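Please read the structure below before turning to the comments.
The values are calculated or read from the model by the stated rules, or taken from the named source; none is laboratory data. Since this is a predicted model, take the numbers as computed values, not measurements. Cβ: placed from backbone, ideal geometry, glycine included. Neighbour counts: every protein chain shown.
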Amino acid sequence: MAEDLNIIKGTKEEQYRMLIPQIKALLDGEPDLVANLANTVAALKEQFGWFWVGFYLVKNDELVLGPFQGPVACTRIRKGRGVCGSSWEQAKTLIVPEVEKFPGHIACSSLSRSEIVVPVIRNNEVIAVLDVDSSSLNEFDETDQKFLEEIVAVINFN
Ligand code: SME
């Protein structure tokens with residue numbers, strides 16, 4: 001596929017519906033995990049313009065920063081810490097409309113106002129999380145949850 005994204009305007013749902021086949025095409029036939037995670041976060045950042053989009057990977061019982069787009073971020077997060085560590089511990093997507101109200105939120109940047117974290121689950125274990133931060137309050141909802149969960153489901157982590 002050409003390495004150019006077709007970026008569209010429209011509802012959030014229309015944007016995801018246009019973007020997801022393009023992400024699948026970018027991943028298709030490429031076995032390298034770092035390359036695939038890097039292109040996935042770049043595609044999301046390019047379409048939606050969010051403040052920060054990135055993966056943390058479970059390594060030796062910690063989340064370690066993986067491919068991301070946005071400002072530099074904290075490199076290691078323990079289980080149960082912050083939104084990412086809580087999503088890992090609970091093995092479920094967490095939508096945080098206002099990060100300042102989330103107990104234990106880890107503020108990598110004071111510009112981040114709302115957040116969604118989607119766990120990547122394989123064989124009943126969380127092996128990574130996708131973290132998305134917005135500089136607007138209340139940015140994420142069930143539509144984001146549905147489509148971001150669909151996106152992490154198509155990535156081959158083997
Ligand atoms: N805010 C996250 C930490 C990661 S950064 O936002 C990139 C958290 O509370 O887990």
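Computed quantities for the displayed model
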| quantity | calculated |
| --- | --- |
| Subset of the stretch 111-143 (residues that are more than 14 Å from the ligand (Cβ to nearest atom) and either over 15 Å from residue 77 (Cβ atoms) or more than 15 Å from the chain's Cα centre (by Cα) (or both)) | 121, 122, 123, 124, 125, 136, 137, 138, 141, 142, 143 |
| Residues of the stretch 141-158 satisfying the condition of being under 21 Å from residue 51 (Cβ atoms) and either touching a Ser or Thr at 6+ places or on another chain (Cβ under 6 Å) or acidic (Asp, Glu) (or both) | 141, 142, 144, 145, 149 |
| Segments classed as strands (runs of 3 or more DSSP E), wholly inside the stretch 1-110, with at least 3 members that are under 13 Å from the mean Cα position of the chain (by Cα), at pLDDT below 95 and within 16 Å of the ligand (Cβ to nearest atom) | none |
| Residue selected from the stretch 84-112 under the condition buried (at least 20 other Cβ atoms within 10 Å of the Cβ) and in contact with a Phe, Trp or Tyr (Cβ under 7 Å, 6 or more places away or on another chain), by the criterion farthest from residue 58 (Cα to Cα) | 112 |
| Leading residue by the ranking (nearest to residue 156 (Cα to Cα)) among those in the stretch 81-126 that are of a type outside the set (D, E, K, R) and in contact with a Lys or Arg (Cβ under 7 Å, 6 or more places away or on another chain) | 119 |
| Only listed residue being closer than 24 Å to residue 34 by Cα, loosely packed, with under 13 Cβ neighbours inside 10 Å and among the charged types (D, E, K, R), chosen from 149, 142, 125, 115 | 125 |
| Residue satisfying condition, being more than 13 Å from residue 155 (Cα to Cα), out of contact with any Lys or Arg (no Cβ under 7 Å at 6 or more places or on another chain) and not polar (S, T, N, Q), within set 42, 25, 35 | 42 |
| Any chance residue 93 is touching a residue at least 40 places away in the same chain (Cβ under 8 Å), out of contact with any strand residue (DSSP E or B) (no Cβ under 9 Å at 6 or more places or on another chain) and more than 20 Å from residue 36 (Cα to Cα) | no |
| Odd one out for residue 72, checked against (1) in contact (Cβ under 8 Å) with a residue 40 or more places away in the chain; (2) over 21 Å from residue 148 (Cα atoms); (3) of a type in the set (A, V, I, L, M) | (1) |
